[in-house]
Structures are given as structure tokens and as C-alpha cells.
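Asker: Okay, handing you the structure first.
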Amino acid sequence: MSAPGAAASGGRSGTAADWGGFEDNMQGGGSAVIDMENMDDTSGSSFEDMGEMHQRMKEEEEEEEVEGEAGAAEEEDGEFLGMKGLRGQLGRQVADQMWQVGKRQASRAFSLYANIDILRPYFDVEPIQVRARLLESMIPVKMINFPQKIAGELYGPLMLVFTLVAILLHGMKTSDTIIREGTLMGTAIGTCFGYWLGVSSFIYFLAYLCNAQITMVQMLSLLGYGLFGHCITLFVTYNIHFHSLFYIFWLGVGGLSTLRMVAVLVSRTVGHTQRLILCGTLAALHMLFLLYLHFAYHKVVEGILDTLEGPNMPPFQRVARDIPVVSSAVLNTTAKANALTL
Amino acid sequence: MAAAEGSGVGGPLFAGLADVSISEDIPVEGEITVPVGSRSPDEDYSTLDEPVRDTIMRDLKAVGKKFVHVMYPKKSSALLRDWDLWGPLVLCVSLALMLQGGSADSKDDGGPQFAEVFVIIWFGAVVITLNSKLLGGTISFFQSLCVLGYCVLPLTVAMLVCRLVLLAGSGTVSFIIRLIVVVAMFGWSTLASTAFLADSQPPNRKALVVYPIFLFYFVISWMILTFTPQ
């Protein structure tokens with residue numbers, strides 16, 4: 001046991017770079033028995049450690065080569081200055097070692113947290129699956145006594161949120177919404193992502209309180225697919241401007257997607273009070289969000305009429321608007337004429 | 001000599017400490033030139049010495065070649081192999097400058113600001129790249145950014161045409177012309193970028209990668225179409 005150890009440490013001085021460094025770190029001295037005291041508790045993969053040890057040995061070799069030439073001059077200095085020279089060199093070695101340890105820990109932390117491979121399993125879908133889930137999100141399940149399966153996938157919800165952003169932008173542009181302290185794009189992105197992430201977290205917190213069996217990713221996925229109904233409704237009603245049509249879509253399409261989410265949550269919760277709290281909150285927030293999106297970002301010609309007429313105008317008059325500039329000009333003059341006759 | 005012998009016994013960490021004193025006075029002399037040998041490639045030194053005009057012309061030619069590849073997408077790998085971000089930067093800046101300050105209302109600035117367009121383009125490209133990597137793509141981060149940036153070229157051309165048409169007038173005819181031009185260029189952009197990017201994906205997931213690209217160029221086309229000058 002000791003003979004191979006001695007031979008290994010003897011031959012370690014420069015040539016056997018990789019295995020010698022590994023030995024140095026893990027076993028502290030070349031014995032074949034692994035001493036658990038010297039094991040590095042914070043080490044990640046041992047391959048990672050070995051690679052870094054390898055690099056460290058290489059760097060130290062290169063430093064030794066360079067230092068070998070200048071070593072003579074330094075030692076002369078050290079001898080002349082007595083103890084100060086000795087401390088200088090010792091200090092340099094210690095600082096060097098601390099730098100190596102710090103760099104190793106920082107790169108380990110970075111590779112742990114900034115690794116996008118953490119998200120990879122949530123994007124592992126096929127187009128057929130995405131389409132099936134989109135259609136399923138509008139169909140409420142009937143079986144609520146058995147916990148329904150929720151796919152923990154993030155691709156569909158993310159794409160739906162971006163689609164909602166695009167539709168919102170379209171709606172804001174065609175209704176000439178004026179954003180004072182911000183930008184159109186920023187508002188749209190903030191609203192949609194804020195809703196998706198914020199309401200998911202809130203309902204997850206409520207689910208934790210009400211003892212429901214759902215994870216955060218599943219909640220994000222469920223709410224994301226629930227936005228499919230919102231996308232359809234807004235896409236249709238931003239282009240066809242009848243309020244009654246909007247209310248029909250709100251109740252029908254919005255109601256269906258809310259019912260589905262509620263049914264899935266009910267199937268995963270036990271107890272009447274808990275079910276009521278959880279599902280009531282989710283239904284209220286989801287339906288109110290659709291209402292908010294329609295009315296807050298779909299302001300119609302009020303602003304333009306105000307600037308044209310001044311104080312004579314009644315403050316509330318709704319006229320439908322279309323994209324082509326010509327028809328809107330015609331509409332404006334018609335509305336103006338109407339207002340003047342009032 | 002004495003120091004070198006000591007390093008074998010005491011280990012590399014405390015090499016110099018084993019033998020601090022030196023018996024003789026050794027004058028240090030010699031040359032501090034690093035042997036050129038095979039360590040540093042010749043190219044680095046030769047491009048430092050060339051005139052600035054050569055460097056700029058070489059980069060401009062590379063960018064121009066990539067523009068041609070975008071306008072006639074032919075499934076070549078030139079865009080992917082030597083990626084660069086000069087072209088996307090130039091296109092992004094020119095598009096943002098042309099889109100600035102177009103709003104129908106003079107009270108507040110409702111049109112997209114320069115920073116907004118800039119952020120949309122780069123943030124959108126980053127999101128699409130991350131998405132394609134997460135779906136199992138084999139393309140690298142900057143290659144994808146390069147392709148998406150270069151494929152904004154048809155939309156920049158559409159913006160130029162729209163501005164020229166708006167100079168002539170802003171009636172229904174001009175709107176129809178602008179609509180046709182923008183839709184055509186949007187289709188061209190999307191097709192060009194999918195021609196380059198879709199090959200790096202597993203074959204059954206191409207649709208999943210194409211959809212965000214479609215959304216991205218749709219938003220940019222929408223900003224171009226609804227631009228009305230002050």
C-alpha cells in the first residue's frame with residue numbers, strides 16, 4: 001500500500017499531471033484507502049473536479065517553467081531582505097491557492113444555476129401533443145372524483161402568452177390606446193406575463209393552503225393553456241366590434257376554459273370549503289382578466305371625439321372603428337355630425 | 001539548480017521554500033523573446049499589420065454576401081458557418097430609426113420608440129434561440145441570433161418602401177400597396193429564416209420552432225404596417 005503511494009508521489013513532480021492531481025485532492029497523500037475526512041463535501045460531479053484539477057496542474061506547470069528562470073533573482077531578493085522575502089513568497093502561494101478555490105466554487109455555482117438544461121424536460125413535446133392539449137383545454141372534464149392528469153409542459157403556455165401579447169398589441173394599435181408612462185409593447189408584455197406568472201403563483205399558494213395536489217409547473221401549464229380561450233375571444237372581438245358578441249364569447253369560450261381549469265382543480269382537492277375557495281378565486285380572476293383586457297385596451301374613439309368637440313360632448317359615446325384610415329375618417333365625420341345634432 | 005532539486009521532494013506548492021539561500025552570485029542574463037515556433041498562428045499577426053481599409057472591406061464583403069444569401073435563400077451553410085452580428089446590428093438600428101416617432105396622436109408619443117424596437121428585436125431573437133435550443137436544436141446561440149437578425153432584411157426593405165409610399169399620400173390605395181408589400185416581405189423573412197434554422201431541428205418538431213419565428217416577424221410587420229408619420 002505504501003510503496004505504490006511513494007512511487008506515485010515521487011513521479012508526480014511534473015510528468016503525471018492528471019492522475020497525480022486527482023490523488024492529491026481526494027485522498028491526501030497517496031494511500032489506496034479513501035479517507036472520508038478529506039473528501040470534499042461540496043464537490044459536484046467527480047469528472048468535473050478531475051477536469052479542473054487537470055487544468056490547475058497544467059497552469060501550475062506553466063507557472064513553474066516561467067518561475068524557474070526568474071526564481072534565482074527572487075531568491076536573491078528574499079535572502080537579502082530576510083524574513084520579508086520568505087513571507088512574500090508564502091503569501092503569494094496562499095493567495096494563489098485561494099484564488100483557485102474561489103474560481104472553482106464560482107464556476108461550479110454558475111454551471112449549476114445558469115444551466116438551461118434544467119428547463120429542457122419541460123419543452124419535450126411533439127406538435128401533435130400541443131394541438132391535442134389546446135383542444136382539450138376547452139373541454140371540461142366530467143370525472144372529478146379521480147385526480148386528473150396535468151401535463152407539466154411549458155412550451156404551449158409560453159407560446160400562448162406570446163400570442164396573447166401579439167393580439168393585445170393589435171388591439172391597442174387599432175384602438176389608438178395612448179399609454180402615458182410607458183410603451184405599448186412593454187405594457188402588453190407586462191400585462192400578459194404578469195398575469196400568467198402572478199396568478200399562477202397566487203393560486204399555487206392557495207392550493208398549498210387548501211391542500212390541493214398540484215405542483216408549480218402544473219399550475220403554470222394549466223393556466224397557460226387556459227389562456228387559449230382568451231386568445232380566441234380577443235382575436236375575434238378586436239376585429240368585430242359588437243359588445244353583445246363580446247359578452248357571448250366571454251361567457252361561452254371564457255366560461256368553457258374556466259370550467260375546465262376548475263374541474264381539474266376540483267378533482268385534485270378534498271373538502272368542500274377548500275374546493276370552493278380555490279375554484280372560486282381562479283374562476284373570478286380568469287373571467288375578470290378577459291373583461292379587463294377587452295375594456296381597458298380596446299378604448300374606442302372617445303379620445304378623438306373629445307379633442308374635436310371640446311366641452312359640448314357628452315362624455316360617453318361608443319363608435320366602432322376599423323383599420324383602414326379612410327373608413328375611420330368617414331366614421332369620424334359621421335360621428336361628429338351626429339354629435340353636433342345632439 | 002538547488003531550487004529545482006528541492007521542488008521534486010517538497011511538492012509544487014512550497015517549491016521555493018526548501019532552499020532559500022544561494023551560494024553564488026548568479027548574474028541573470030539572457031533573452032526574453034518567446035520562441036515563435038508553432039504556438040501562435042500567423043494569421044493574428046498578419047491581420048494586425050494590414051491597412052484599415054482592407055479590414056473594413058473584408059467585413060463589408062462578408063456582410064454583403066450574407067445579405068445576398070438572405071434575399072435568395074438557398075439552404076447554404078454560409079450564414080451559419082461564419083456568423084457575425086454586424087449585419088443584424090445595422091438592420092436593427094436602421095429599422096428602429098425609421099420606425100421612430102410615428103403616431104397618429106400628437107399629444108403623446110404613441111409610436112414605438114427607438115429603444116422599444118431595438119429591445120423587441122433582440123429580446124425576441126434571444127427567446128426564439130433559447131426555445132430552439134430547448135427543443136433539441138443543434139445550432140449554437142450566436143448562429144441563431146445571426147440568422148434571425150439577417151432575416152430582418154426583407155422587412156427593412158418593406159419599411160423603406162412604406163415610407164416612400166407614405167410620402168406620396170396616405171389613402172386607401174397606399175394602404176393596400178403597403179399591406180401587400182409588408183405581407184410579401186413578412187412571408188419572405190419567415191421562409192428565409194426557416195430555410196436556415198429548421199434544418200438544425202429534429203424533423204418532427206419543425207412546426208414548434210417555426211411558430212415563434214412567425215410570431216416574431218408578425219409583430220415586426222405589424223409595427224411597420226401601422227406606422228404613420230407625424
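The values are calculated or read from the model by the stated rules, or taken from the named source; none is laboratory data. Predicted model only: the values in this text are computed from it and were never measured. For neighbour counting, all protein chains shown are included, and Cβ atoms are generated from backbone atoms with ideal geometry for every residue, glycine included.
Asker: Among the residues of segment B:177-207 satisfying the criterion of being farther than 26 Å from residue B:66 by Cα and at pLDDT below 90, which is surrounded by the fewest Cβ atoms within 10 Å (Cβ to Cβ)?
Answerer: Only one residue tops the list, namely B:204.
Asker: Return the only residue of B:8, B:16, B:30 being small (Gly, Ala, Ser), modelled with pLDDT of 70 or more and over 39 Å from the mean Cα position of the chain (by Cα). Don't jump to the end; show me each part of the working.
Answerer: Values: B:8 fails: modelled with pLDDT of 70 or more; B:16 fails: modelled with pLDDT of 70 or more.
Answer to the selection: B:30.
Asker: Search segment B:91-104 for residues being buried (at least 16 other Cβ atoms within 10 Å of the Cβ) and in contact with a helix residue (DSSP H, G or I) (Cβ under 8 Å, 6 or more places away or on another chain), and hand back the single one that is modelled with the lowest pLDDT.
Answerer: B:100
Asker: On the basis of being part of a helix (DSSP H, G or I) and either free of Cβ contacts under 8 Å to residues at least 24 places away in the same chain or not assigned by TED's automatic domain parsing to the domain that holds residue A:289 (or both), does residue A:220 make the cut? Steps first, answer last, please.
Answerer: Values: part of a helix (DSSP H, G or I): yes; either free of Cβ contacts under 8 Å to residues at least 24 places away in the same chain or not assigned by TED's automatic domain parsing to the domain that holds residue A:289 (or both): no.
No; evaluated as a whole, the condition is false for this residue.
Conditions tested, residue by residue: (1) without any contact (Cβ under 8 Å) to a residue 40 or more places away in the chain; (2) of a type outside the set (Val, Ile, Thr); (3) closer than 22 Å to residue A:167 by Cβ; (4) surrounded by fewer than 17 Cβ atoms within 10 Å (Cβ to Cβ).
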site	(1), (2), (3), (4)
A:245	yes, yes, yes, yes
A:252	yes, yes, yes, yes
A:269	no, no, no, no
A:279	yes, yes, no, no
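Asker: Examine segment B:209-229 for a residue that is surrounded by fewer than 20 Cβ atoms within 10 Å (Cβ to Cβ), more than 9 Å from chain A (Cβ to nearest Cβ), among the aromatic types (Phe, Trp, Tyr) and in contact with a Ser or Thr (Cβ under 9 Å, 6 or more places away or on another chain), and state whether such a residue exists.
Answerer: yes
Let's see how each residue does on (1) crowded, with 19+ Cβ neighbours inside 10 Å; (2) modelled with pLDDT under 80; (3) part of a helix (DSSP H, G or I); (4) in contact with a helix residue (DSSP H, G or I) (Cβ under 8 Å, 6 or more places away or on another chain):
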{"position": "B:48", "(1), (2), (3), (4)": "no, yes, yes, no"}
{"position": "B:55", "(1), (2), (3), (4)": "no, no, yes, yes"}
{"position": "B:59", "(1), (2), (3), (4)": "no, no, yes, yes"}
{"position": "B:67", "(1), (2), (3), (4)": "no, no, yes, yes"}
{"position": "B:88", "(1), (2), (3), (4)": "yes, no, yes, yes"}
{"position": "B:116", "(1), (2), (3), (4)": "yes, no, yes, yes"}
{"position": "B:125", "(1), (2), (3), (4)": "yes, no, yes, yes"}
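Asker: Can you list the helices (runs of 4 or more DSSP H) lying wholly within segment A:106-217 that have 3 or more residues being exposed (fewer than 14 other Cβ atoms within 10 Å of the Cβ)? Let's see the steps before the verdict.
Answerer: Details: elements: A:127-136, A:155-174, A:184-209.
Of the helices (runs of 4 or more DSSP H) lying wholly inside segment A:106-217, those with at least 3 residues that are exposed (fewer than 14 other Cβ atoms within 10 Å of the Cβ) span A:127-136, A:184-209.
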